[in-house]
Amino acid sequence: MAKSPSRVAQDIIDLISNDGVEVVTILWKDFYEIAGRKRLEDTTKERIKQELRKRFFLCDYGQSVIMVGKDFHGQNKVDY
């Protein structure tokens, strides 16, 4: 079942937090699985990107992968 952009963003943030990394690279096939979708429209991708931005994370969509990283330095705790 398709997840909301907000839920997708939180799942990606959880992935980053659980792995203890600053940046994560996600293959498109894995991103579709996280999103619970078989394909994503441009508007949905933009809304996911906006949700991540609200939580101080940067997102960029490439041809093969999606990169998401923290937009804050070090171990600073931010309320997502």
As straight-line cross-link partners of residue 29, the qualifying aspartates and glutamates (C-alpha separation under 17 Å, not fewer than 8 residues apart within one chain) are 11, 41, 42, 60
Toy charge model, Lys and Arg Cβ at +1, Asp and Glu Cβ at -1: the chain dipole around Cα centroid in debye, rounded to 20, equals 260
Expected sort for 1, 67 with the fewest Cβ neighbours (10 Å cutoff) up front is 1, 67
Honestly the chain on the Cα gyration tensor test (a ≥ b ≥ c root eigenvalues; a/c under 1.5 rounded, otherwise a/b vs b/c for prolate or oblate) is just prolate
With only helices counted (DSSP H, runs n ≥ 4, each -39500 (n - 2.57)), the per-residue ellipticity at 222 nm for the chain, to the nearest 500, works out to -14000 deg cm²/dmol
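Each reported figure results from applying straightforward, stated rules to the coordinates on display, with no laboratory input. Nothing here was measured: the structure is a model prediction, and the numbers come from that model. With ideal geometry, Cβ positions are generated from the backbone for all residues, glycine too; neighbour counts draw on all protein chains shown.
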